[in-house]
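The structure appears below as structure tokens.
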Amino acid sequence: LKCDESFLEKHLDYVSEFTYHTGGMNGFLYPLCLYVADNKDRGDNTIVTGYCGSELLRNAHRGGAVTAQLVIDYLKDKSSLEDKIKNYEIFVKNSLEYNEEIIGEVISELDDYFDALPKDLSVNQKLGIFEFEESMPKIFGSWIYSGMHFQRIRVPFMDQVFLEKITKTQISQFYREFLEQNPLRRFYGQLMYSKIIDRTYPKLGRYISGKGYSPKDLLSFIGRVRITFGYFKKNMKAKKQEFDNLALISGAIKFVNETFEDESIRDFYISRLNDSYRNEILRDSIFNELSLIEYDNLLKIDNKD
């Protein structure tokens, strides 16, 4: 499905639907998931997705949607964590209040979580377990649950038996270096994924992904050369990239204008959203705030009814 006018017109409806079904999770970031489920040809009413496929095999190299920068910084050097948090761009550039009590509670929860893990695990294995137990179920689980209100969702890569077998092999992220940056070494984690696609759906393997290369490129020397050049090109492009994917920021600005009567509050959020066009972390953080606000509004409507 293409992101066309029908999606843009109903953008806020899908935001509200996702937010409601997931208890206030980031509906402003994932409305397209519901759009796809709602508009799929009703044929057999089933969607098979590749959610978690690459996450099973790839190795984290920076903070993002699946792995919070906070967790990475905690595992890097817990002793300097609070100083790092105070210097997070989201606090420095946008005058957000740094709440020591809340941050302290978060750090305490991380202490409890990682202290309970086996002591002989590597740092990368601890990070992988955190992703599998905390991040991935919450991120992909919310997509799946909200989409199930429109279609039956099937996610082969989240099969428990398959997951356990993969994580015991050297192709999983558990046996690689913490925050591996070398693109040549990172190829290894994607190789099996590419071979599965090549055997089951070769045409899909030739599509160029958002990363600038196709899964099939991993299976040839020339393809890997393209990936290497694409890796460095992507890093250069990221510095100039705008993060208004599918007009999500534009949709959030529309929500702010329609939701807040207080002009100063409107101006505050719109200013921050305008700053987030080139700042993915800030964008996702604001989307989280607005999702919680929308969830509270939806609960108030429910209570009135």
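When the helices in the chain are scored as -39500 (n - 2.57) per DSSP H run of 4 or longer and the sum is shared across all residues, what 222 nm value do you end up with, to the nearest 500 deg cm²/dmol?
On the way: 17 runs with 182 residues, N = 305.
Calculated at 222 nm, the ellipticity per residue is -18000 deg cm²/dmol.
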Among Gln160, Gln190, Gln173, which one moves the most in a GNM of the chain with springs linking Cα atoms closer than 10 Å? Gln160
Report which label in [x] 16.3; [y] 20.6; [z] 18.3 holds the value of mean projected area of the Cα convex hull in nm² derived from the coordinates of this structure. [z]
Between Glu133 and Asn99, what FRET efficiency follows from the Cβ-Cβ distance if R0 is 22 Å, with the result rounded to 0.05? 0.25
Highest-fluctuation residue, Ala247, Ala60, Ala37 considered, GNM on the chain with Cα pairs under 10 Å: Ala247
As a test of understanding, state the convex hull volume per residue of segment 246-305 from its alpha carbons, in Å³. 81 Å³
In whole Hz and in residue order, list the ³J(HN,Hα) couplings for segment 255-264 that follow from phi through the Karplus curve 6.51 cos²θ - 1.76 cosθ + 1.60, θ = phi - 60°; x for Gly and Pro. 4, 4, 5, 8, 9, 9, 7, 6, 4, 5
Quick query: amide H of Ile47 versus all other amide H atoms, modeled in the peptide plane; which residues come in under 5 Å with a sequence gap of 5 or more or a different chain? Arg152, Ile153, Arg154
What length, rounded to one decimal in nm, is gained on full extension from Val48 through to Arg199, with 0.36 nm per residue of separation minus their alpha-carbon distance? 52.7 nm
The extension gain from Leu121 to Asn257, computed as 0.36 nm times the residue separation minus the Cα-Cα distance, is 44.1 nm
When the Karplus curve 6.51 cos²θ - 1.76 cosθ + 1.60 is applied with θ = phi - 60°, which whole-Hz ³J(HN,Hα) does each residue of segment 55-60 get, with x for Gly and Pro? 5, 5, 10, 7, 10, 4
Just how far, in whole angstrom, is segment 114-129 from segment 144-185 if you go by their alpha carbon centroids? 18 Å
What does the accessible area per residue of the chain come to in Å², with a 1.4 Å probe and no ligands, DNA or RNA counted? 58 Å²
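The values are calculated or read from the model by the stated rules, or taken from the named source; none is laboratory data. Since the structure is predicted, the reported quantities are computational estimates derived from the model, not experimental observations. Counting neighbours? That spans all protein chains shown, and the Cβs are built from the backbone with ideal geometry, glycine included. Quick note on the areas: whole protein, heavy atoms, side chains included, nothing else; ligands and nucleic acids left out. Shrake-Rupley method; radii C 1.70, N 1.55, O 1.52, S 1.80 Å.
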